[in-house]
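The values are calculated or read from the model by the stated rules, or taken from the named source; none is laboratory data. Remember, predicted model here, so these are calculated numbers, not experimental data. Cβ sites come from the backbone with ideal geometry, for glycine too, and all protein chains shown count toward neighbours.
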Amino acid sequence: MAPDHGSFGLGALICALMLICPAASIRPISDAHRSAALELFVPVDGLFPSLEETYHALRTFLILGVGETSEINRATCPVVLEKLKSPSSSPKGFYDALRVNSILGCQIGSETLEDVASQLRDLIKGADSLMDFYYSVIGLLHVKGQGVSAVLSDAQGVFHSIKALSQSDGRWRFDSNNAESSTHAAGIALEALAGVVSLADGEVDQSKIGIVKHDIVKLFDSIKSYDDGTLYFHEKHIDGSEYEGPLATTASVVRGVASFAAVVSGKLNIPGDKIFGIAKFLLTIGVPGISKDFFNQIDSLSYIENNRISIPLILSLPSTVLSLTTKDQLKVEVTTVFGSAAPPLTVNLVQTSTSEVKNTPTVENQELQFDQENNIHYLDIVPLKIDIGKYTLKFEISLHDPENLNIYATGGRMQYLVFLTGYVKVDNPQIGVLDTDGESSASLVKLDFSKLDKVSLVANHLQKMRLSFQLVTPLGHTFKPHQVYIKLRHEGRVEHIFQLESSARQYKIQLDFLALLEQIYYLSGRYEIELAIGDAAMENSFLHILGHIDLTLPDPPEKVSRPPPQSVDRYSRFGPKQEILHIFRTPEKRPPKELSFTFLGFTLLPLGGFLIGLLTLGVNLKGFPSSSLPALSSILFHAGIAATLLLYGLFWLKFDLFTTLKLLGLLGVFLVFTGHRTLSYLASTSTKTKTN
Amino acid sequence: MAKSSSSDAQALIRSLRSAYAATPTKLKIIDLYVVYAITTAVIQIVYMGIVGSFPFNSFLSGILSCVGTAVLAVCLRIQVNKENKEFKDLSPERAFADFVLCNLVLHLVIMNFLG
């Protein structure tokens, strides 16, 4: 057993390394993108958080042909105007405002624009970093686009300054102080150089342009790829704060290269496959969820759609699951990245291959027919006699017009994974009980799945149960599905699952109950038999109850394990839990109320005794001051003490310590004053009597 | 012998009583107050003896209030007594003010502890 597993594992590894993984079907930009754009870019009262985001939204809406811009126009134009008129705008400010304006078309006076143009020209003269050049040049380009004449007088010098920041590997630096080069900067620089060439009043030196073309080719040498053939650009040095992901970097390079190719004469020496790989990268992202990523994807795809190097043609499959039962056709669409029509071409199904069934013939070199109305290439698969299963289809596009080869990129051979499904028949199913010696005690019963009859079998521990059948595909071949199981369930609780073995022609299982005694916990009784057959290529995967078998098993010996506890209903853990009985300390025995009240009375008796004693002693109030002010303070003093004692009573009954202390503080101050007054008066009178 | 001892005891008591009668009224009031406080404490102890000491904090609070106020009264008596040379400079009014203040603080604590 072990060597088999080992060799199988090794074989799988080798296969995985050798095969190029077939691609999941990529789709061109569709209505899913359009509705997602409307959901991602939502202005608040017509305004976006910044001019940069406004531009992203407007450009995306423009390319996709969606969105209502009148409210955005109304709210954003004042912001744009203010930005352009402001004397302290930076190059970035002008750039943001001008490119938003190029889409919105706000009413901006030509004087303002000319003023902006002259400011930009001054900024270009004094610029030294790549971003300053970029913002100023592109801003000036937008000004030109709005009808104001904007000409760069020293185009050669500006071209030279931007070019001076380039590196030998095709990347650019952001400024002369920074030694780190960046691919993203390369895209920006190329876009700026394209702008310089369009703004120049004369010809720019062709040799310099040739050097830049050479740099672009070198830049494309550093392109990276994934296994499925997508190509992208990535930064070599990843600086934490300024890190732009592969999407942003690739988008920047695409913009730069496409803009540059559009303004220079002659072709760039970039193979169409690389553009195709980049287009594939941008499309396999699907629908991004972040607005900046969405903008980068759509913007760069729009540059690719109309670029002068080569336009990629995307082959996509609307459906990768084809059914033999409903006689589906294999349908293929060939469009540009935005779904526009492709030039006249033919799609060829070069090869189909499957890793599973070896004896079905693989199809080779089938030409797909073209449906003009729906713009779809199709092929009937039923006449091809392909059986159900998982297939890798290889397609190739051939253009009708050989001149189009220079304009379009077809992407060579493309692989796609397709499922062919169909109805699988169960042939000759038989079930029965056999004796130990292998001969059947009763004849094997034929099952009929369509009739849903249930069989009743009886067996003891010395016998065996046998089930066998054949699985046949629509084309008549033996089929090996992914899952073939039989389940024995004892009285609705304990379940046992067995896998059926497959031989060349049929599936069968023989359950030897003597060997299985311990596995089924020696439980006698009625077992329900269920058969489960399933596969991705089967349209009629099923779980059938075949019947039941009454097993008589001997008593379990002492050491046998009990069946595992059955899992409780999944949702019972959300129901009420068991009642928790708390054990409280038994409360202390309290005395009867009458006893307590009696002693309360007893406690008050000494007070009475005290008062009687006072009377006996002849206590009098002669010392109480008679004149008004001291008398008043005495009365207040005694009242204050009484109030304090009352406060204490209330403290015991309902107040908390904080309230009590607050009130006590007030009363205390009062008591101090009155007490001092009273006692000092008494002291003075007593000294008077003494001296007297 | 027994007779002489009992007569001695009686003579002792008689002399104590006569001496006590000479004490000023103020001091007698204070003594009466102390007796009152202690009696109240004894009654509480008897009650606790009958019903048990639950809740203990209430019992302690009651006892200590009686004992505390008795102690403060004794201090007052010492300070007010004219025959006491130590406290000649302390006026009785000041002693009384201290007595009142200390009692108020004591009873605040007692009330808090009473529960």
- request: Please indicate, with yes or no, whether at least one residue in segment A:45-61 is touching a Leu at 6+ places or on another chain (Cβ under 7 Å) and not aliphatic (A, V, I, L, M).
  value: no
- prompt: Just a yes or no: is a residue in segment A:554-564 under 23 Å from A:Leu434 (Cβ atoms) and in a strand (DSSP E or B)?
  reply: no
task: Would you confirm whether any residue within segment A:300-313 is of a type outside the set (A, V, I, L, M) and over 27 Å from A:Pro271 (Cβ atoms)?
output: no
query: For A:Asp328, are the conditions met, namely being within 27 Å of A:Gly245 (Cβ to Cβ), of a type in the set (D, E, K, R) and touching a Ser or Thr at 6+ places or on another chain (Cβ under 8 Å)?
result: no
Considering residues of segment A:648-672 that are among the hydroxyl-bearing types (Ser, Thr, Tyr) and touching a helix residue (DSSP H, G or I) at 6+ places or on another chain (Cβ under 6 Å) only, the residue farthest from the other protein chains (Cβ to nearest Cβ): A:Thr660
task: Could you list, in sequence order, all residues of segment B:76-103 that are exposed (fewer than 15 other Cβ atoms within 10 Å of the Cβ) and not aliphatic (A, V, I, L, M)?
output: B:Lys82, B:Glu83, B:Asn84, B:Lys85, B:Glu86, B:Lys88, B:Asp89
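Sort out for me the strands (runs of 3 or more DSSP E) sitting completely within segment A:314-357 that have 1 or more residues that are over 17 Å from A:Ala279 (Cβ atoms) and at pLDDT 85 or above.
Answer list for segment A:314-357: A:321-323, A:329-335, A:345-353.
If you go through segment A:141-183 one residue at a time, how many are outside any helix (DSSP H, G or I) and farther than 27 Å from A:Pro246 by Cα?
Adding up the residues that qualify gives 9.
Here is a yes/no grid of residues against (1) hydroxyl-bearing (Ser, Thr, Tyr); (2) modelled with pLDDT under 90:
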position	(1), (2)
A:Asp4	no, yes
A:Gly11	no, yes
A:Leu17	no, yes
A:Ile20	no, yes
A:Ser25	yes, yes
A:Ala36	no, no
A:Ile63	no, no
A:Gly67	no, yes
A:Leu84	no, yes
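Within segment A:227-247, track down each residue that is of a type in the set (A, V, I, L, M, F, W, C), closer than 18 Å to A:Ile188 by Cα and surrounded by 19 or more Cβ atoms within 10 Å (Cβ to Cβ).
Listed by number, the residues that qualify are A:Phe233, A:Leu247.
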query: Looking only at segment A:515-543, which residues are at positive phi and part of a strand (DSSP E or B)?
result: A:Gly525
task: Could you name every one of the helices (runs of 4 or more DSSP H) located completely within segment A:34-125 that has at least 1 residues being closer than 24 Å to A:Gln297 by Cα and either in contact (Cβ under 8 Å) with a residue 24 or more places away in the chain or polar (S, T, N, Q) (or both)?
output: A:51-64, A:70-85, A:91-104
task: Please indicate, with yes or no, whether at least one residue in segment A:619-635 is within 9 Å of chain B (Cβ to nearest Cβ) and either over 60 Å from the mean Cα position of the chain (by Cα) or farther than 30 Å from B:Thr23 by Cα (or both).
output: yes
task: Return yes or no: is A:Ile188 part of a helix (DSSP H, G or I), in contact (Cβ under 8 Å) with a residue 12 or more places away in the chain and touching a strand residue (DSSP E or B) at 6+ places or on another chain (Cβ under 9 Å)?
output: yes
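State whether one or more residues within segment A:608-623 are surrounded by 13 or more Cβ atoms within 10 Å (Cβ to Cβ), in a loop (DSSP other than H, G, I, E, B) and without any contact (Cβ under 8 Å) to a residue 60 or more places away in the chain.
Taking every residue of segment A:608-623 in turn, at least one turns out to be surrounded by 13 or more Cβ atoms within 10 Å (Cβ to Cβ), in a loop (DSSP other than H, G, I, E, B) and without any contact (Cβ under 8 Å) to a residue 60 or more places away in the chain.
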- prompt: Under 6 Å by Cβ, and 6 or more places apart or on different chains, what pairs join a residue from segment B:16-45 that is modelled with pLDDT of 85 or more with one that is polar (S, T, N, Q)?
  reply: B:Ala37/B:Thr69; B:Thr40/A:Thr603; B:Ile43/A:Thr603
task: State yes or no: is A:Leu581 without any contact (Cβ under 8 Å) to a residue 24 or more places away in the chain and touching a helix residue (DSSP H, G or I) at 6+ places or on another chain (Cβ under 9 Å)?
output: no
- prompt: Does A:His234 meet the test of being over 14 Å from A:Ile304 (Cα atoms), touching a Pro at 6+ places or on another chain (Cβ under 7 Å) and touching a residue at least 12 places away in the same chain (Cβ under 8 Å)?
  reply: yes
message: Residues that are within 12 Å of another protein chain (Cβ to nearest Cβ), part of a loop (DSSP other than H, G, I, E, B) and under 55 Å from the mean Cα position of the chain (by Cα): does segment A:584-593 have at least one?
response: yes
task: Starting from residues that are of a type in the set (Phe, Trp, Tyr) and more than 13 Å from the chain's Cα centre (by Cα), keep the ones in segment B:30-66 and report whichever is farthest from the other protein chains (Cβ to nearest Cβ).
output: B:Phe59
